[in-house]
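Asker: Could you have a look at this structure, given as structure tokens, before my questions?
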Amino acid sequence: MAGKVKRITVDLGGYPDLVVIYLGMRVNVLTGLKTLLGFGPKIQNSVKAQPDGLLLHENFILSLFPPHVGMRQYWRDFQSLETWARSEPHRAWWKQFLRDSGGTGFWHETYFLRGGIEAIYDDIPQPLGLSAFAPTGEARGAMFGARQRLGIGGEATVAPPVGESDLN
């Protein structure tokens, strides 16, 4: 006999600027498997370093064929996430990926408790997530960086790993 379902919820009152980001890496060609497997330990080490503002990191598998893994991270606020994303080791990873994706595709979708969503899809051969139903365009100009895609004013405290002119 089945028991009663225990339902719980959360009080996010202490996290008014909460940011949730989903990230994924998909193997596009066989050599991408090496790239994907090489990132696992790097990501785990960066999480163990407990970056300021990272509240929780979780891993998941999106598909086995093609290999496609993901992460969900909860950040205290956008400033913490942006600062980490523009600092080492992430800075070096991003610069390398944008030079050569290593046979993989990468994406992220970021959701804000206060409202707003932004996303990027790099070398993803088929639409997924938001890009499967929303119009897409090149990540250039006002759509180049997360801060701009969100319409967040002000300047970042750390320079971006790669400028738009570096990709030309």
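Asker: Would you tally the residues in the range 50-64 being over 19 Å from Glu109 (Cα atoms) and either buried (at least 16 other Cβ atoms within 10 Å of the Cβ) or modelled with pLDDT under 95 (or both)?
Answerer: So the first thing to find is which residues in the range 50-64 are over 19 Å from Glu109 (Cα atoms), and the list is 50-52, 64.
Next, only the ones that are either buried (at least 16 other Cβ atoms within 10 Å of the Cβ) or modelled with pLDDT under 95 (or both) stay: 51.
Total meeting the criteria: 1.
Asker: Please specify each residue of the range 91-102 satisfying the condition of being assigned to a helix (DSSP H, G or I) and either of a type in the set (Phe, Trp, Tyr) or buried (at least 17 other Cβ atoms within 10 Å of the Cβ) (or both). Write out each step before concluding.
Answerer: First, pick out the residues of the range 91-102 that are assigned to a helix (DSSP H, G or I): 91-99.
The answer is Arg91, Trp93, Trp94, Phe97.
Asker: Also, quick follow-up: Can you name every residue in the range 71-94 that is over 12 Å from the mean Cα position of the chain (by Cα), among the charged types (D, E, K, R) and closer than 12 Å to Pro51 by Cβ?
Answerer: Matches in the range 71-94: Arg76, Arg86, Glu88.
Asker: Looking only at the range 103-127, count how many residues are polar (S, T, N, Q), out of contact with any helix residue (DSSP H, G or I) (no Cβ under 6 Å at 6 or more places or on another chain) and surrounded by 15 or more Cβ atoms within 10 Å (Cβ to Cβ).
Answerer: Selection size over the range 103-127: 1.
Asker: Also: Got at least one residue in the range 12-28 being modelled with pLDDT under 95 and surrounded by 13 or more Cβ atoms within 10 Å (Cβ to Cβ)? Steps first, please.
Answerer: Kept after step one, since they are modelled with pLDDT under 95, are these residues of the range 12-28: none.
No.
Asker: Out of the range 140-168, which residues are surrounded by 10 or more Cβ atoms within 10 Å (Cβ to Cβ), touching a helix residue (DSSP H, G or I) at 6+ places or on another chain (Cβ under 8 Å) and of a type in the set (A, V, I, L, M)?
Answerer: Those that are surrounded by 10 or more Cβ atoms within 10 Å (Cβ to Cβ), touching a helix residue (DSSP H, G or I) at 6+ places or on another chain (Cβ under 8 Å) and of a type in the set (A, V, I, L, M): Met143, Ala146, Leu150, Ile152, Ala156, Val158, Val162, Leu167.
Asker: Do any residues in the range 43-65 that are assigned to a loop (DSSP other than H, G, I, E, B) have Cβ atoms under 6 Å from those of residues that are surrounded by 10 or more Cβ atoms within 10 Å (Cβ to Cβ), where the two are at least six apart or on different chains, and which pairs are they?
Answerer: Here the result reads Pro51/Trp84; Asp52/Ser80; Gly53/Trp75; Gly53/Arg76; Gly53/Ser80, each pair linking the range 43-65 to a residue that is surrounded by 10 or more Cβ atoms within 10 Å (Cβ to Cβ).
Asker: Would you pick out the residues in the range 89-126 that are closer than 15 Å to Leu62 by Cβ and out of contact with any strand residue (DSSP E or B) (no Cβ under 8 Å at 6 or more places or on another chain)?
Answerer: Gln126
Asker: Here's a follow-up. From Ile117, Ile152, which residue is at pLDDT below 90, closer than 23 Å to Arg72 by Cα and not hydroxyl-bearing (Ser, Thr, Tyr)? First the steps, then the outcome.
Answerer: Numbers: Ile117 fails: at pLDDT below 90.
Selected residue: Ile152, the only one of Ile117, Ile152 that is at pLDDT below 90, closer than 23 Å to Arg72 by Cα and not hydroxyl-bearing (Ser, Thr, Tyr).
Asker: I've got another one for you. Just the residues that are touching a helix residue (DSSP H, G or I) at 6+ places or on another chain (Cβ under 9 Å) and either over 20 Å from Met71 (Cα atoms) or not in a strand (DSSP E or B) (or both), please, taken from the range 1-34.
Answerer: Listed by number, the list holds a single entry, Asp17.
The values are calculated or read from the model by the stated rules, or taken from the named source; none is laboratory data. The structure displayed is predicted, hence computed values, not measured ones. Methodologically, a virtual Cβ is constructed for each residue, glycine included, from the backbone with ideal geometry; neighbour enumeration extends over all protein chains shown.
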